[in-house]
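Read through the structure below, which is laid out as structure tokens, and then see the notes.
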């Protein structure tokens with residue numbers, strides 16, 4: 001049964017929180033999003049950066065249309081595998097979708113495990129611009145003069161960033177931002193401050209159980225035709241894009257098609273890489289004290305998550 005959230009005074013849409021469901025891959029975020037969407041008349045907004053790509057369905061565990069239970073999903077399948085996007089561009093798309101959903105009196109539900117994309121949607125986070133010519137000039141200096149020279153220059157204008165970063169790409173970016181804005185790159189670091197009313201619900205559970213789930217998930221993907229999906233995306237430009245071919249499973253099975261690996265080796269490498277990715281996701285989201293953690297295996301998961309949504313929708317929450 002659909003339940004209505006809102007302000008008893010009448011301005012219901014203004015108090016509808018953004019619900020962000022976070023956690024490691026394989027923890028059941030998509031299913032919980034459907035449960036909450038059905039319960040509170042919500043719509044889902046995808047924050048998994050690899051589900052942006054058309055045709056990358058099996059390997060990203062993208063919910064097929066028939067399994068979305070009539071729940072509208074936003075920001076899926078809007079890029080070809082040759083295209084790329086930025087976190088800044090996603091931020092605008094996500095916030096537009098959130099505003100649209102709220103304007104129709106519905107509950108926006110952000111779901112996905114791409115940590116920085118999640119932060120971009122929910123938090124006060126400013127993205128400085130870029131200048132391709134300036135970037136190219138700094139990259140030439142890096143190649144000619146070496147990292148130590150550029151790092152010393154960064155230390156003079158932004159000692160905080162210089163103490164935190166030491167790889168060439170990020171040093172170039174920090175110098176580019178300072179040259180463009182006159183501000184240190186460190187001043188653009190994100191705050192843990194919601195841009196609008198938000199509740200984050202995190203899913204976690206037994207680590208051994210997660211490992212088993214991830215292995216079963218990878219093998220199910222392979223049985224469902226992951227290798228054929230990768231092969232079909234090659235003519236669409238999978239190899240040419242900067243990002244899509246790096247997705248878990250896709251890079252491993254591209255090597256199978258190139259004769260550099262076997263299916264079983266690709267399966268094992270994908271399982272290991274997926275476990276490592278899940279560990280990084282947990283590290284990222286655990287660092288945020290605002291996340292309300294739930295055990296994915298608890299019998300009353302839907303009720304427990306719904307309680308957090310209701311609490312966040314109350315006046316003064």
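Of the residues 109, 101, which is in the same structural domain as residue 40 (by TED's automatic domain parsing) and either part of a helix (DSSP H, G or I) or farther than 27 Å from residue 192 by Cβ (or both)? Selected residue: 101, the only one of 109, 101 that is in the same structural domain as residue 40 (by TED's automatic domain parsing) and either part of a helix (DSSP H, G or I) or farther than 27 Å from residue 192 by Cβ (or both).
Condition check: on the phi < 0 side of the Ramachandran plot, touching a residue at least 12 places away in the same chain (Cβ under 8 Å) and in the same structural domain as residue 29 (by TED's automatic domain parsing). Does residue 208 satisfy that? So residue 208 does not fit the description; no.
Does residue 63 meet the test of being touching a helix residue (DSSP H, G or I) at 6+ places or on another chain (Cβ under 7 Å), closer than 15 Å to residue 112 by Cβ, modelled with pLDDT of 95 or more and crowded, with 19+ Cβ neighbours inside 10 Å? In short, yes. A single member of 259, 316 is more than 25 Å from the chain's Cα centre (by Cα), surrounded by fewer than 13 Cβ atoms within 10 Å (Cβ to Cβ) and at pLDDT 95 or above, and it is 259. Just to be sure, is residue 59 free of Cβ contacts under 8 Å to residues at least 12 places away in the same chain and either more than 23 Å from residue 195 (Cα to Cα) or in contact with a strand residue (DSSP E or B) (Cβ under 8 Å, 6 or more places away or on another chain) (or both)? Answer is no for this residue.
Scanning the range 19-28 for residues that are surrounded by 24 or more Cβ atoms within 10 Å (Cβ to Cβ) and outside any strand (DSSP E or B) turns up 23, 24, 26, 27.
Could you please let me know if residue 191 is under 26 Å from residue 310 (Cα atoms) and exposed (fewer than 14 other Cβ atoms within 10 Å of the Cβ)? It is true that residue 191 is under 26 Å from residue 310 (Cα atoms) and exposed (fewer than 14 other Cβ atoms within 10 Å of the Cβ).
The values are calculated or read from the model by the stated rules, or taken from the named source; none is laboratory data. Remember, predicted model here, so these are calculated numbers, not experimental data. Every residue, glycine as well, gets a Cβ built from its backbone with ideal geometry; the counts of neighbours run over all protein chains shown.
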